[in-house]
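Worksheet: one structure, shown below.
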Amino acid sequence: MTKYSKAIEAIIGKTRATGDHAKRMLAVQHKIFAATQALENLAETRDPTQTNQAHILRVAKAADQLRATIARQNEVLEDLRMNASIDLHGKQERKANLKPDPQYADAILRRFQPMKPANQAGLIGDLMKMKDGPSLAAILNAPSAASGIEPDLRNRYRDDFLKSAAPDETAEIAEMWETESATAAVFKAATRSATELSDPRIVTEILGQQESAQRASGAFDAATGTTALH
């Protein structure tokens, strides 16, 4: 019964974490992996001095501890997500400098407004190529009623410019969200492990499989004379 810890291990192996924020989230994954693996190993290893019922209760208690660990680490993840978002988006905005210059913003918008749509798109494209964040912000920060640009198109322009003007920061943001999504998948797998091993029937089945395997091993040794050789 190690399928969930193995699934978590596979998720960790595929998680690409190079930025500091993503690395902190990856550390959460490792903690959940260790706790899940410990529970599953416990379920498969009964103390010979304990009865099956005592073992089942011990595993159930450990499953509760895993759930508590998941809850604590989920709170940690929430804090990491919030801090990472504030930090990384702040860096992205500062690098792109997508902030209008009050001295020229009105003049740029007045020039933009009477243009034909094709010319407007051309001007925006030129500003993006020049990485002129303040001039572009004069247009994109204006409401649709003033600029004539629909909100969806405005957001696409903004996203494209941020990717172009702040590629490293944009990539780190994407990596952070991918790692957060992977961590959520780790939580899901660990929760399933805790749920299944809280079920006495599943733990009893595991014990039964172990006993069958031990009997089969003993029969094999007897049939092949392995025990005598020892």
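Throughout, read-outs are computed from the coordinates displayed, never taken from laboratory work. Treat the numbers as computed from the prediction; the structure is a model and nothing was measured. Glycine also receives a Cβ, built like all others from the backbone with ideal geometry; neighbour counts cover every protein chain displayed.
In table form, for the structure just shown:
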quantity	calculated
Stretch gain in nm, segment ALA185-GLU93, where the contour uses 0.36 nm per residue and the Cα spacing is subtracted	30.1 nm
Under 15 Å, Cβ to Cβ, from MET128 - net charge with Lys/Arg +1 and Asp/Glu -1	+3
Environment charge at LYS95 (Cβ cut-off 12 Å; Lys +1, Arg +1, Asp -1, Glu -1)	+1
Estimated [θ] at 222 nm from DSSP helical runs (n ≥ 4, -39500 (n - 2.57)) normalised by residues in the chain, nearest 500	-27500 deg cm²/dmol
Whole-angstrom gap from segment 182-206 to segment 43-83, using each part's C-alpha centre	9
Protection proxy ranking, peptides 158-168, 104-114, average beta carbon neighbours within 10 Å, highest first	158-168, 104-114
Under Karplus coefficients 6.51, -1.76 and 1.60, residue-wise ³J(HN,Hα) of segment 180-192 in Hz, glycine/proline x	5, 5, 5, 5, 4, 5, 5, 4, 4, 5, 5, 5, 5
Lysines whose Cα lies under 27 Å from that of LYS23, excluding same-chain neighbours fewer than 8 positions away	LYS3, LYS6, LYS14, LYS31, LYS91, LYS95, LYS163, LYS188
Rg(Cα)/(2.2 N^0.38 Å) for the chain, N = residue count	1.66
Projected label distance in nm at ARG156 and LYS129, using a 7 Å step from Cα toward the beta-carbon	2.0
